[in-house]
Amino acid sequence: MPPGALAAANVLSVRVIIAGAGIAGLTAALSLHAAGIEPLVLDAARELRPLGVGINLLPHAVRELTELGLAGPLAAAGIETAEQAHFDRHGNLIWSEPRGTALGYRWPQYSVHRGQLQMILLEAVRGRLGAGAVRTVNRLGSRPAFTCGQPIGMDTSAPSRARGENGATAVEVRSLRR
Ligand SMILES: Cc1cc2nc3c(=O)[nH]c(=O)nc-3n(C[C@H](O)[C@H](O)[C@H](O)COP(=O)(O)OP(=O)(O)OC[C@H]3O[C@@H](n4cnc5c(N)ncnc54)[C@H](O)[C@@H]3O)c2cc1C
């Protein structure tokens, strides 16, 4: 379905709260926005900072982020991985294989700092959905507190009393058929 088609079809009215502004939550927010749904991302942390270590984004993940229009920032922040190799403690090669485009994929593999990736996603979410789309100091509970179609209790002053069905990085959806 092309971006926005769901909303344009006027089939569903959907309110989505995403628990956690990590890599998964922010990517989910961008994907929902592309589908015409405006989610709200709540994170328990006081501040979102670029923490973590280097991670490898495999080609299928790069494909999804490319679809979301992030190929440029990713290429700027990451190092394209050409090969993965394992050595023993004497430096002898045990095994190696090419990676990403060198292995024939249409999308590259990137080695990228997790925190930098998170900040790229955060900037994109705030740029596309508005500065208020991601709120910190908002912890969601882990136990279901609603049934489908009912409003969820949510205090927009911190901390939030909104409760997520699946906990962190899960998505809470209330859908109403029109
Ligand atoms: C050393 C290391 C190396 C790794 N290497 C790779 C790799 O090479 N490739 C790869 O794909 N992955 C790798 N990973 C895994 C990858 O980093 C994680 O899978 C990814 O960061 C998880 O993202 P996430 O958004 O699900 O969770 P997180 O990044 O943990 O974000 C969760 C967010 O939810 C918030 N939160 C938690 N509870 C609540 C609540 N109740 N209410 C509201 N907010 C809440 C937290 O504050 C946090 O901001 C690695 C991980 C580690 C530790």
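The values are calculated or read from the model by the stated rules, or taken from the named source; none is laboratory data. What you are looking at is a predicted structure, and each value in this text was computed from that prediction instead of being measured. With ideal geometry, Cβ positions are generated from the backbone for all residues, glycine too; neighbour counts draw on all protein chains shown.
Assorted remarks:
- Tally, over segment 102-133, of residues that are within 23 Å of Leu58 (Cβ to Cβ) and part of a loop (DSSP other than H, G, I, E, B): 6
- Qualifying positions in segment 76-101 - within 13 Å of Leu58 (Cα to Cα) and of a type in the set (A, V, I, L, M): Ile79, Ala82
- Considering segment 25-47, the residues that are near the ligand (Cβ under 7 Å from one of its atoms) and crowded, with 16+ Cβ neighbours inside 10 Å include one that is nearest to Leu70 (Cα to Cα), namely Gly25.
- Leading residue by the ranking (farthest from the chain's Cα centre (by Cα)) among those in segment 99-109 that are small (Gly, Ala, Ser) and surrounded by 14 or more Cβ atoms within 10 Å (Cβ to Cβ): Ala102
- Pair list, Cβ < 7 Å and 6+ apart or interchain, from segment 20-39 residues that are acidic (Asp, Glu) to residues that are in a helix (DSSP H, G or I): Glu38/Leu129
- Filtering Val112, Val62 for residues that are of a type in the set (Val, Ile, Thr), modelled with pLDDT of 95 or more and either exposed (fewer than 14 other Cβ atoms within 10 Å of the Cβ) or under 14 Å from the mean Cα position of the chain (by Cα) (or both) leaves a single hit, Val62.
- Residue within segment 86-98 that is surrounded by 14 or more Cβ atoms within 10 Å (Cβ to Cβ) and touching a Leu at 6+ places or on another chain (Cβ under 9 Å) present: no
- Residues (within 25 Å of Ala21 (Cα to Cα) and out of contact with any helix residue (DSSP H, G or I) (no Cβ under 9 Å at 6 or more places or on another chain)) located in segment 82-129: Ser111, Gly115, Gly127
- Criterion violated by Ala61 - all others in (1) more than 10 Å from the ligand (Cβ to nearest atom); (2) free of Cβ contacts under 8 Å to residues at least 12 places away in the same chain satisfied: (1)
- Of Leu129, Leu103, all but one fail to be of a type in the set (A, V, I, L, M, F, W, C) and either out of contact with any strand residue (DSSP E or B) (no Cβ under 8 Å at 6 or more places or on another chain) or within 10 Å of the ligand (Cβ to nearest atom) (or both); the exception is Leu129.
- Yes/no for Gly127 being touching a residue at least 12 places away in the same chain (Cβ under 8 Å) and under 23 Å from Leu48 (Cα atoms): no
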